[in-house]
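Inspection log for the structure reproduced underneath, given as structure tokens.
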Number of protein chains: 2
Amino acid sequence: MTDITVMLPDESKHQHPKGCTGLDIARSIGPRLAKDALAIKVNGELVDVWKPINEDAKIEVVTFKSPEGKDVFRHSTAHVFAYAIQELYPEAKNTIGPAVEEGFYYDFDDLPITEADFPKIEARMKEIVARDERCLRHELTLDEVKQKFLHNKYKVEMASEFALAGGKLSAYQIGEKFMDLCRGPHVPSTGCIKAFKLTMVAKAYWRGDAKNRQLTRVYGISFPSQKELDEYIKQREEAEKRDHRRIGRELDLFMMHEFSPGSAFFFANGVVMFNELVSFLRDEYFQRGYEEVMTPVVFDKQLWELSGHWEHYRQNMFLTTVEGREFSLKPMNCPSHALMFKAHAHSYRELPIRMADFGVLHRNELSGVLGGLTRVRKLTQDDAHLYCRLDQVEEEINGILDLLKKLYVDTFGFTYRMELSTRPDSFLGDVKVWDQAEVTLQKVLEKNKIEYRINPGDGAFYGPKIDVHVRDSIGRSWQLATVQLDFNQAERFDLLYEGQDGKKHRPVVIHRAILGSLERFIGILIEHFAGKFPLWISPRQVKVLSVSEKTAHYADEIVRILREDRVRAQTDTRAETIGKKIREAQLEQWNYIIVVGDQEVANKSVNVRTRDNVIHGEWKIEQLLKTLRAEIDGRK
Amino acid sequence: MTDITVMLPDESKHQHPKGCTGLDIARSIGPRLAKDALAIKVNGELVDVWKPINEDAKIEVVTFKSPEGKDVFRHSTAHVFAYAIQELYPEAKNTIGPAVEEGFYYDFDDLPITEADFPKIEARMKEIVARDERCLRHELTLDEVKQKFLHNKYKVEMASEFALAGGKLSAYQIGEKFMDLCRGPHVPSTGCIKAFKLTMVAKAYWRGDAKNRQLTRVYGISFPSQKELDEYIKQREEAEKRDHRRIGRELDLFMMHEFSPGSAFFFANGVVMFNELVSFLRDEYFQRGYEEVMTPVVFDKQLWELSGHWEHYRQNMFLTTVEGREFSLKPMNCPSHALMFKAHAHSYRELPIRMADFGVLHRNELSGVLGGLTRVRKLTQDDAHLYCRLDQVEEEINGILDLLKKLYVDTFGFTYRMELSTRPDSFLGDVKVWDQAEVTLQKVLEKNKIEYRINPGDGAFYGPKIDVHVRDSIGRSWQLATVQLDFNQAERFDLLYEGQDGKKHRPVVIHRAILGSLERFIGILIEHFAGKFPLWISPRQVKVLSVSEKTAHYADEIVRILREDRVRAQTDTRAETIGKKIREAQLEQWNYIIVVGDQEVANKSVNVRTRDNVIHGEWKIEQLLKTLRAEIDGRK
């Protein structure tokens, strides 16, 4: 038997007998890794740990830690679920059962169950997991599929189409009785799936088409340990309490309406938050040398042909025809900024030019996936494009990271980690430029002591990028900011500057968004703070409650003084008990609640508490104004 | 001969012999009026001064002062022009020659002239005016028209269509040889047209259709006196110097691009002005109890069916289809505000609710009429809708007039007059409500000592309105703000509030815009100030010039201090002469130009002058900061 050479991600090389499996290799690295191994990447291709390896290869052991590992794990859970259904409901016919962003689902025909049936099904799944049966791959011909899935027209239909398109058919067997048509890969055996939970029953149409048969869709989630599952369930419960759609309604922040799916209507309270975020950014822009521009919303398709969006993105754009010309609503600002850059001649001395825009964007998301502020059709990005020389990239990225930190960490108390995606196999531009840029990005990330990882080959064809994954107060992760280098836009739009050498050069373009979509960010902020916003961005800053009719006038006067100082204040002079007024103001999330009675009138003072019942007691009006001003201006 | 009774606009009644003409009546009032009379309104219908009046009637003598008088005057000038052309170019065939917003034009076929021919034509026109020939009306049958206009297929074509539609044909004769098919009325005789000028030759298609023959269009202007014409010409020259398209380019305020006709691209300097206007309004809104909302851009056609726009305004909307549903870009905000009002239950105590919106609107103006910022497809209004009780209308209108004054007069130095348009014959709602509202509007206008006039019957079918005509620094008038009462929207959208009586009532809706379209207003501001903006709204506030290399660092330091205080400042540290730097800064319209040399470095001071060369001399830095802050915050 000859040996093969395998190279691990740390670039170390190891000899293994030809025909060894990924699991063998994982074992040779360590027992822990062998236990955690869910699949193997062989030269970038994801396969089962059981698959023999017969040639030299780059090898990576895939565990639950990676997104691919999670997908394999949850997809295998879907198979275990289908196996249990086959045992409990032999009439049911399974169709497709993929892993999704959060967990998995499986669509069945003839499965008349409700969530009340979950315990029984989960119990059967546990038995299957306890049996620790192997998941084994079989390559099949179409005829074999037709024979094995005789009673499931869905599987036969899919297999026929797949084979017709030239695909190689495969199926996975668990134990002796269960087989599912599937591309794989899967976890080594059912014993891996230590903890799972079915979460919801829904309806779905076969192939998503309302003309087809309605199927039963069951959602579920799974983890390698009960502890992780428990944490997930707790986080979900907490997230539900903080659901921005509910809080948005309760605090009068925004509404949705069927007449404009996916476009938020912000009430005054929501607009306060929106405008405060924009003001924050404008202040930063002013100090950091950005220029804000305003661009049109509707553009001739010629622009999108030039930018490439017409070819690659048209299905996501809203189209309209005017005087026989085809136009579309812009899904992003970059092409219009390129036109503005091009409107002037530029010298190397003027660079970088940092063009920011709060323009309204529209992206045609399917109405089915729209929900609250996190999936919308109309959005506003805190978008900017930095036109710079290659030698300025480092300083520009550094500036962006500084702004990111100021906003996310210092101001809102998020944490984050970043992902750097590097040159893909098929790329555009000069390798040397790519290399220099990637080294620069890594250097800046390290200098700023940022937790990051590299996704090799995952960059766009036109440049490397940094994605920012922000962690909120209940531990959920959101992909928000992006920083994308672009070596292509300047070519496409023929953008030039005159260098120190008197010759024309192409600028590097950096696309970057700090908050991403303001709508989505506001949705996340609502959940991050559970509606208890910091004072500066809070739509409800100070509520002034009169103890009695007698002090109503004084309450009004306090509010007048506060509003003159631009504090968002309101009175409550109703003839209710002060206790009731305080409770209501707390539910409405007023940061400061001020009570004024006879004593306060006499002393020209106010009695101050917070929405969380921290009692500050009696303050002079000046002290109140000073405290509020410092807290608001400090944006903390 | 019997007498008839005529009633004049002052409601006085006078006896006149039956068959008297409008001119006779004007003479009986006074010789001056008889001289100025251009036409007569008989029971609201505009007719020639020569027409016999045979029944009791309401009579109004129309002079050049009224818009209708101007139209008659200029339309008659177009006839005089055509008469001159007929004498000079017998082959030319006249088509149509209307009065337009500014002057008149006349389209001719087979008229191969250039502007070099104007003096000859104007000389001939002067002869016709000097002959003071009467303009006489003839009623004709179609056959007579065909006979008289044998050689002009255009006139025959128009007459045939008009007759087919049931119209009564008429023509006007001047002198013996000139006759034009025309509805009239016209001035009494050519002698009225004391001063005129041909301004431009252009091309136009017959009936505006590029498939038809191309005609020669000649534009002209006319006035009852040479003095008025001279003033007009001077104003035009001044206006051309101030053309916002030219200044917009020179000061880097905005650009237009063929990829988005009618939508401005604002450069950073233009955005500064835009944002300062919005900030000004937001400050006012905060103090005046408005709530700002944000609404979607794209709405299902169901909304427009509900609002009536689908029926009446569809041709002006950009349409788009998504998932088989028809949508359109909003041309105005009102319907979305109605949806937001409806989202909550309201009590009489909460009214008025003042909902403001800076949303992006789109109106499908023909590309041919687009130009600069004054005719655009994409616009942003400083729009608000006030939902109030009828008894609150007075206070609300009063508040609006106060804001109008603060903005136009106190801040920008415009003057204005207003027009109140009252109940038309066909109207909706309760006469008593209309009467009360109209009386209220008049009362508020008078209380505020505003110059206004009433346009009886010119209101919308759903409510009376006030239009604001603003006069700029070179005397031109712009229709900008509007205040429109609406007794219909609450019906259409079923808007309700609970009254003090516990019953449901419909609110009155007041639509109002102060600046109108911000884009258009910025265009007008540019021309009003000829680019010399007040400090607070100026994109270029302070330029700091170093005398030599040695003081460059100090100049940078001054700019840093200024920018920290949010002053828009820039250095010029180039190795140019200080004279050249000052001249360039003046051309760039920097409000303050600061020179720093050795003396200033030594004294920690600055040497201050304005763009208009007012020399302030040496100031301490603190004095500079204080002066700027006061001027900026004062918004003057």
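The values are calculated or read from the model by the stated rules, or taken from the named source; none is laboratory data. Small disclaimer: the values here were computed from a predicted structure and weren't measured. Backbone-built Cβ (ideal geometry, glycine too); neighbour counts: all protein chains shown. Remember, those area values only see protein heavy atoms, side chains included, never the ligands or the DNA or RNA. Shrake-Rupley method; radii C 1.70, N 1.55, O 1.52, S 1.80 Å.
From the list B:315, B:302, pick out the single residue that is assigned to a helix (DSSP H, G or I), open to solvent by 30 Å² or more (accessible area, probe 1.4 Å), on the phi < 0 side of the Ramachandran plot and facing chain A (nearest Cβ under 7 Å).
Sole residue among the options that is assigned to a helix (DSSP H, G or I), open to solvent by 30 Å² or more (accessible area, probe 1.4 Å), on the phi < 0 side of the Ramachandran plot and facing chain A (nearest Cβ under 7 Å): B:302.
If residue B:215 satisfies all but one of (1) within 15 Å of residue B:94 (Cβ to Cβ); (2) in a helix (DSSP H, G or I), what's the number of the condition it fails?
(2)
Could you pull out the residue among B:611, B:560 that is at pLDDT 95 or above, surrounded by 18 or more Cβ atoms within 10 Å (Cβ to Cβ) and either of a type in the set (A, V, I, L, M, F, W, C) or under 30 Å from residue B:278 (Cβ atoms) (or both)?
Of B:611, B:560, the one residue that is at pLDDT 95 or above, surrounded by 18 or more Cβ atoms within 10 Å (Cβ to Cβ) and either of a type in the set (A, V, I, L, M, F, W, C) or under 30 Å from residue B:278 (Cβ atoms) (or both) is B:611.
Taking the range A:232-265 as the region of interest, how many residues are in contact (Cβ under 8 Å) with a residue 60 or more places away in the chain, open to solvent by less than 20 Å² (accessible area, probe 1.4 Å) and within 14 Å of chain B (Cβ to nearest Cβ)?
8
Can you give me the number of residues within the range B:545-557 that are open to solvent by less than 20 Å² (accessible area, probe 1.4 Å) and either within 12 Å of chain A (Cβ to nearest Cβ) or among the small types (Gly, Ala, Ser) (or both)?
3
Hey, among B:221, B:247, B:193, which residue is out of contact with any His (no Cβ under 9 Å at 6 or more places or on another chain) and closer than 26 Å to residue B:532 by Cβ? Don't jump to the end; show me each part of the working.
Details: B:221 fails: closer than 26 Å to residue B:532 by Cβ; B:193 fails: closer than 26 Å to residue B:532 by Cβ.
Exactly one of B:221, B:247, B:193 is out of contact with any His (no Cβ under 9 Å at 6 or more places or on another chain) and closer than 26 Å to residue B:532 by Cβ, namely B:247.
For the subset of the range B:326-347 comprising residues that are more than 9 Å from chain A (Cβ to nearest Cβ) and open to solvent by 50 Å² or more (accessible area, probe 1.4 Å), which member is nearest to residue A:318 (Cα to Cα)?
That would be B:326.
Yes or no, residue by residue, for (1) away from chain B (no Cβ under 14 Å); (2) modelled with pLDDT of 95 or more; (3) under 27 Å from residue A:278 (Cα atoms):
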| site | (1), (2), (3) |
| --- | --- |
| A:321 | no, no, no |
| A:324 | no, no, no |
| A:353 | no, yes, yes |
| A:363 | no, no, yes |
| A:373 | no, no, yes |
| A:400 | yes, yes, yes |
| A:404 | yes, yes, yes |
| A:426 | yes, no, no |
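Give, as residue ranges, the strands (runs of 3 or more DSSP E) completely inside the range B:1-117 that count at least 3 residues that are touching a residue at least 60 places away in the same chain (Cβ under 8 Å).
B:103-109
Of all residues in the range A:266-282, which are facing another protein chain (nearest Cβ under 8 Å), within 20 Å of residue B:342 (Cβ to Cβ) and outside any strand (DSSP E or B)?
Within the range A:266-282, A:267, A:268, A:270, A:271 meet the criteria.
What do you reckon, is residue B:195 open to solvent by less than 20 Å² (accessible area, probe 1.4 Å), modelled with pLDDT under 95 and either touching a Leu at 6+ places or on another chain (Cβ under 8 Å) or not assigned by TED's automatic domain parsing to the domain that holds residue B:138 (or both)?
Taking the combined requirement at face value, the residue does not satisfy it.
So which residues in the range A:86-107 are closer than 18 Å to residue A:150 by Cα and open to solvent by less than 30 Å² (accessible area, probe 1.4 Å), if there are any at all?
Within the range A:86-107, A:92, A:94, A:95 qualify.
Yes or no, residue by residue, for (1) surrounded by fewer than 20 Cβ atoms within 10 Å (Cβ to Cβ); (2) small (Gly, Ala, Ser):
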position	(1), (2)
A:420	no, no
A:439	yes, no
A:464	no, no
A:496	yes, no
A:502	yes, yes
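With respect to the numbered conditions (1) open to solvent by less than 10 Å² (accessible area, probe 1.4 Å); (2) part of a helix (DSSP H, G or I); (3) within 14 Å of another protein chain (Cβ to nearest Cβ), which one is the sole condition not fulfilled by residue A:385?
Residue A:385 satisfies every listed condition except (2).
Between a first residue in the range A:512-531 that is in contact (Cβ under 8 Å) with a residue 24 or more places away in the chain and open to solvent by 10 Å² or more (accessible area, probe 1.4 Å) and a second residue that is in a helix (DSSP H, G or I) and among the basic types (Lys, Arg), which pairs have beta carbons less than 8 Å apart while being 6 or more apart in sequence or on different chains?
Close Cβ pairs satisfying both conditions: A:530/A:241.
Mind checking which residues of the range A:470-494 are surrounded by fewer than 18 Cβ atoms within 10 Å (Cβ to Cβ) and modelled with pLDDT of 95 or more?
Within the range A:470-494, just A:494 meets the criteria.
Does residue B:286 count as facing another protein chain (nearest Cβ under 10 Å) and part of a strand (DSSP E or B)?
Judged against the criteria, residue B:286 is not a match.
Just the residues that are open to solvent by less than 40 Å² (accessible area, probe 1.4 Å), in contact (Cβ under 8 Å) with a residue 40 or more places away in the chain and among the β-branched types (Val, Ile, Thr), please, taken from the range A:568-608.
A:593, A:594, A:595, A:596, A:606
Please give the helices (runs of 4 or more DSSP H) falling wholly within the range A:520-636 in which 3 or more residues are of a type in the set (A, V, I, L, M) and more than 42 Å from the chain's Cα centre (by Cα).
The qualifying helices (runs of 4 or more DSSP H) are A:552-564.
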